[in-house]
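The values are calculated or read from the model by the stated rules, or taken from the named source; none is laboratory data. Given the structure is predicted, the values throughout are model-derived calculations rather than measurements. Quick reminder, even Gly has a Cβ in these numbers, built from the backbone with ideal geometry, and neighbours come from all protein chains shown. All accessible areas refer to the heavy atoms of the entire protein, side chains included, with ligands and DNA or RNA removed. Shrake-Rupley method; radii C 1.70, N 1.55, O 1.52, S 1.80 Å.
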Amino acid sequence: ANEAALGRALAVARRFAPKDTRFGVQLAHSGRKGSISRPWEGNKPLTDDQDPWVTVAPSAIPFTQGWATPEALDEAGIERTIAGFVQAATRAVRIGFDVIELHAGHGYLLHQFLSPLSNLRADRWGGTPDNRARLLLTVAERVRAAVPAQIAPGMRRTTTDWAEGGVDTGDAVAVARQVKALGCDYICATGGFVVPPSGIPFGPGYQVHLAERIKHEAGIATRAVGGITDPHQAEAIIAEGRADMVALAT
């Protein structure tokens, strides 16, 4: 039903879009940040009378005080998660999307596995940086194999947790190189939100330097995002070679 509804929405968008517009879909799993109310209803954990669901994560650690403790995924649950991403990508191709972006940032499940702040596992899915990246890389590899060559797969990726002891940009460069080798076409360089934000230097273009480093050190196309609100600012980022694309949101 969701596939059909999104297909109708995409068909309408194509009717009004300029010729050769490309459409993408972002695939995400909320992990421990799920079971919350809609943003305009407070964006808070659902209460017992609001039909909450059990969330999952790499480790049984709540996002913050007052949030439900998630269940740590076992091997079967991890495999179901990987399969779910592949199924969603296959549906996106059927609908007619041109780009499929995996969301591995902002404290969602793939990011939760990447970050030592949320992943305390001691098995092959946690501990070392390579183990923490295993889920993300497995999902990326299987999605790339499941979609046609003309589909552009990309990734929104936290390149710093903006928190002591978390993911840093050096970690992100290493993973970006692996992502490129698997056939992903670009990285959207974002940061933060695996733990409640504090000390993030919000401001105009505050994350552009993250995209710039990934671009030059990992050799993959990057998209800058965050605090980019002026067209002249966006054009300058591209002209100066700091990123290959700019993301704007409303």
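What the table shows:
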| item | result |
| --- | --- |
| Volume in Å³ per residue [convex hull over Cα atoms, computed for region 147-236] | 112 Å³ |
| Reciprocal mean inverse distance between Cα atoms of region 32-146 - Kirkwood radius, Å | 15.2 Å |
| Relative packing of peptides 127-139, 102-114 - highest average C-beta neighbours within 10 Å first | 102-114, 127-139 |
| Residues of type lysines that residue 215 reaches as a straight line, Cα spacing below 22 Å, ignoring anything fewer than 8 places off in the same chain | 180 |
| Fraction in percent of alpha-carbon pairs per bin - 5 Å, region 1-64 | 3, 13, 16, 16, 14, 13, 11, 8, 5, 1 |
| Heavy-atom accessible surface of region 128-250: percent carbon and sulfur, 1.4 Å | 53 percent |
| Anisotropy class of region 157-199 from Cα gyration tensor, a/c 1.5 cut | prolate |
| Spatially proximal lysines relative to residue 44 (Cα-Cα < 16 Å; intrachain offsets below 8 disregarded) | 33 |
| Relative contact order, percent, the chain [alpha-carbon distance under 8 Å, six or more residues apart] | 15 percent |
| Heavy-atom accessible area per residue - region 167-223, 1.4 Å, Å² | 40 Å² |
| Fraction of the pair-distance distribution of the chain above 34 Å, Cα-Cα pairs, percent | 15 percent |
